[in-house]
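One structure below.
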Amino acid sequence: MDKQLLVPVYLNQRLVFDLLAMLQGGLSTVTAVSQTNSKSHDVKRELGVSFALSEALASLLKVDLSGKRSSSGSRAMAEEISEERVHTPASLLYQLRNSLNERGAISSLDDGSEPKAGEFIEFEASLLKNPVLEAIDGMSRIMDIAVLFDDSPKQSAKGKGASSLNENKRIKDQIDGFSESLKSGNTIDLITSKSSAGVTAVVTLEKASLNDPMMSDLVDGRFKVLGKVIRSVSDSNDSISLIRNNVLSNLPRHLLESLSDMFRGLGSEHGFSMPEVRWQIEGPAIQVLPIAIYA
């Protein structure tokens, strides 16, 4: 049994309960514990008898004619203590991980084997925001600054300065619309740094299981991920889309490239360095449905 204590920062409790119930034929969240303590007290008894002798004989013989017999025994007392221990979601995760390890059901990214869809996997990696979201949110912040510090001369509503200001606001509204589209739905993607085998993981989180909707406790940290592989891409010509679940996935490739060029151009125009927009993760890569992310 692996005795490593786990500190989850993301925990899909539904998956933990379901999997553990499958392995154990049901799930008990309360364990009754009984403990009996026995105490014994030693009892010693001593019996004596003496023989009557005349003082004359006693002084001559100097013999002690008294007899003694001792016996010992014990008296036992029992004390019983009963208590109930309640499992927490994290303690059930600990049991689940140990059960999967005992069955040899968990593979690793670093053991040289190619992960396959349907396998349980555990690996350590740095977690990063979806690069599409990172780029679009970064551009939104840049446009906030551009609108706030627009140094064009304030003229009439039809003047050049007002026109420039309105254009920046229009672009910001469009960018915010893209961002909301990407954040819609019940899941959100993180990506990991490449493993020693050169594999990148796309980790698809359920928003309902997040401790912090802003993911400040997950991003830019190094954690262990325990989950199930739902897609594996080994060919570099294949990829996992980062916009597969929103309206942007319907855009043709050339329009996506135009959007990338627009983001880069806006960043250069306002003097900001923009992160690279990646619409997909090329193989070798895996997509993982995480059970838990922990330190």
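Multiplying the residue separation of ALA117 and GLU276 by 0.36 nm and subtracting their alpha-carbon distance yields 54.3 nm. Each residue of region 5-10 was assigned a 3J(HN,Hα) from its phi angle through the Karplus curve 6.51 cos²θ - 1.76 cosθ + 1.60 (θ = phi - 60°); the sequence is 7, 10, 10, x, 10, 9 Hz, with glycine and proline shown as x.
For the set LYS116/LYS207; LYS172/LYS224; LYS129/LYS172; LYS183/LYS228, the pairs lying more than 30 angstrom apart at their alpha carbons are LYS172/LYS224. Stretching SER91 away from LEU148 to a fully extended chain increases their span by 15.5 nm, per 0.36 nm per residue minus the current alpha-carbon distance.
Annotation: extensible slack from ARG222 through LYS207 equals 3.4 nm (criterion: 0.36 nm per residue apart, minus Cα-Cα distance). For ILE230, the residues whose amide H sits under 5 Å from its own are GLY118, GLN287, VAL288, LEU289, ignoring neighbours fewer than 5 places away on the same chain, with H placed 1.01 Å from N. The loop-placed GluC sites (Glu not before Pro) in region 184-293, going by DSSP, that have at most 16 neighbouring Cβ atoms within 10 Å of their Cβ come out as GLU276.
Once both labels are positioned 7 Å from their Cα atoms along Cα-to-Cβ, the gap between ASN101 and SER249 label points is 3.6 nm. A DSSP coil position with no more than 11 other Cβ atoms inside 10 Å describes the following trypsin sites (Lys or Arg not before Pro) in region 83-146: ARG103.
Read the figures in this text as sums done on the coordinates, not as results from a lab. Note that the structure is a prediction, hence the values are computed from the model and not measured. With ideal geometry, Cβ positions are generated from the backbone for all residues, glycine too; neighbour counts draw on all protein chains shown.
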